[in-house]
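Engineer: Below is a structure I'd like to ask you about.
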Protein chains: 2
Amino acid sequence: MSHPPSVGLLGFLAASLTTVSFFPQAIKTVRSGDTRGISLPMYALFTLGISCWALYGLVTRDGPLIVANAITLVPAGLILERKLRAVLAGRGRRT
Amino acid sequence: MSHPPSVGLLGFLAASLTTVSFFPQAIKTVRSGDTRGISLPMYALFTLGISCWALYGLVTRDGPLIVANAITLVPAGLILERKLRAVLAGRGRRT
């Protein structure tokens, strides 16, 4: 497929936005320690999902896919860790 | 590129996990009404990002990309709407 540069730019913008978006949530969660409104199933499924995406990128040798998902893994993993810690300490409800 | 079916399955699993993951968060947020731990910038950037992904899918005629992002738009948009409503009502902090 050959597309004009604007299409590639749109894809780059899309990937940047979805990747960057998890950072303000991670900063908020780590700073406030408030994980009550955070869903454990969401972050368990999502972290597993982006790990699969990164693995898929490795297998298909897709650089941008590897990089974007490896970056997203940092804030998503942090949020999951905080939520898990709160649940194990009995401070957060499960669902 | 031609890959064995297991690679396609890995990509499908990855897409399914990241798409499905937002539903438990949306259900939790709508049921509890607790958006204090939810980051407004995250859902603003993420919802804009998946809208760009869906548009990118439309332009490049990538069916799975359109479907996956259109589905994710539902729970992500719901969470954003609840958070925005709480912020406007003065019940949630901005960051």
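The values are calculated or read from the model by the stated rules, or taken from the named source; none is laboratory data. Here the structure is a predicted model, which is why all the values come from computation and not from measurement. Glycine gets a Cβ as well: all are built from the backbone with ideal geometry, and neighbour counts include every protein chain shown. Heads up: the accessible areas ignore ligands, DNA and RNA and are worked out on the full protein's heavy atoms, side chains in. Shrake-Rupley method; radii C 1.70, N 1.55, O 1.52, S 1.80 Å.
Here's the yes/no breakdown for (1) surrounded by fewer than 17 Cβ atoms within 10 Å (Cβ to Cβ); (2) touching a helix residue (DSSP H, G or I) at 6+ places or on another chain (Cβ under 7 Å):
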position: B:Leu40; (1), (2): no, yes
position: B:Tyr43; (1), (2): no, yes
position: B:Ala54; (1), (2): no, yes
position: B:Thr60; (1), (2): yes, yes
position: B:Val67; (1), (2): yes, no
position: B:Ile71; (1), (2): no, yes
position: B:Leu78; (1), (2): no, yes
position: B:Glu81; (1), (2): yes, no
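Engineer: While we're looking at this one, here's another question. With the requirement that a residue be on the phi < 0 side of the Ramachandran plot and open to solvent by 40 Å² or more (accessible area, probe 1.4 Å), what does the stretch B:28-38 give you? Step through it out loud before you land on a result.
Structural biologist: Of the residues in the stretch B:28-38, the ones on the phi < 0 side of the Ramachandran plot are B:28-32, B:34-38.
If the condition is that a residue be on the phi < 0 side of the Ramachandran plot and open to solvent by 40 Å² or more (accessible area, probe 1.4 Å), then B:Val30, B:Arg31, B:Ser32, B:Arg36 are the ones that fit.
Engineer: Also, quick follow-up: Restricting the first residue to the stretch B:51-70 and requiring it to be under 13 Å from A:Gly11 (Cβ atoms), which pairs with a second residue that is polar (S, T, N, Q) meet a Cβ separation below 6 Å and a spacing of at least six or different chains?
Structural biologist: So the pair list comes out as B:Trp53/B:Asn69; B:Ala54/B:Asn69.
Engineer: Here is a further query. Keeping to the stretch B:1-48, report how many residues are at the interface with chain A (Cβ under 7 Å from one of its Cβ atoms), closer than 18 Å to A:Leu80 by Cβ and either in a loop (DSSP other than H, G, I, E, B) or in contact (Cβ under 8 Å) with a residue 40 or more places away in the chain (or both).
Structural biologist: Total meeting the criteria: 8.
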